[in-house]
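What follows is a single structure, written as structure tokens, with notes after it.
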Amino acid sequence: MNAFWTIVLLVISNIFMTFAWYGHLKLQQMKVLSSATPLYVVILISWLIALAEYSFQVPANRIGFNGNGGSFSLMQLKVIQEVITLTVFTIFTVLFFRGESLQWNHLAAFGCLVAAVWLVFLK
């Protein structure tokens, strides 16, 4: 069951992180923020969102790490996290940035990441 909660917490943390890293670009498109908004303001907003991200990321790693009774090695946790990051980012991009299109090479790269997950779980 800890594997399930690890994945759920990683997904939630990556949703927050994607908004922390790229949400300001969408807010700029929506005219909520302007290009004249000082960079330090954007960074502070991103850090506040990232604080929420860490509130899910750290427990996910603690629950999931096999050294704490979890199901995953550190390498497995990292590769799982990267695949979740790109999945969340892809969904975010397609839904919120209509001008960005998904290309064949993006799908091929994602396939390579899925292969990386398979490889990292080989015994």
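Quick look at the values:
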{"read-out": "Likely footprinting exposure, M75, M17, fewest C-beta neighbours within 10 Å first", "value": "M75, M17"}
{"read-out": "Rounded tilt (10° steps) of 74-96 against the dominant C-alpha axis of the chain", "value": "30"}
{"read-out": "Of A109, A50, A36, the one that fluctuates the most in a GNM where the chain has Cα springs shorter than 10 Å", "value": "A36"}
{"read-out": "Whichever lysines have a C-alpha closer than 22 Å to that of K78, once near sequence neighbours (fewer than 8 apart) are set aside", "value": "K123"}
{"read-out": "Residue-span extension gain [V32 to K78] - 0.36 nm each, minus C-alpha spacing", "value": "13.1 nm"}
{"read-out": "Cβ-based exposure ranking for S35, S73, in which fewest neighbours within 10 Å come first", "value": "S35, S73"}
{"read-out": "Segment S101-S71, length gained on full extension (0.36 nm per residue, minus Cα span)", "value": "7.2 nm"}
{"read-out": "The chain, helix-only ellipticity at 222 nm - DSSP H runs n ≥ 4, -39,500 (n - 2.57), divided by all residues, nearest 500", "value": "-27000 deg cm²/dmol"}
{"read-out": "Whole-angstrom gap from segment 1-52 to segment 92-117, using each part's C-alpha centre", "value": "19"}
{"read-out": "Most mobile of I80, I15, I45 in a GNM of the chain (Cα contacts under 10 Å)", "value": "I45"}
{"read-out": "Rounded to 10°, Cα long-axis angle of helix 104-120 versus longest principal axis of the chain", "value": "30"}
{"read-out": "GluC sites (Glu not before Pro) restricted to DSSP loop in segment 33-123 with at most 13 other C-beta within 10 Å", "value": "E100"}
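We did not get these values from a lab; they are worked out from the coordinates using the rules stated. Computed from a prediction, not measured in an experiment: that's the story for all the values here. In this analysis, Cβ positions are derived from the backbone assuming ideal geometry, glycine residues included, and neighbour counts consider all displayed protein chains.
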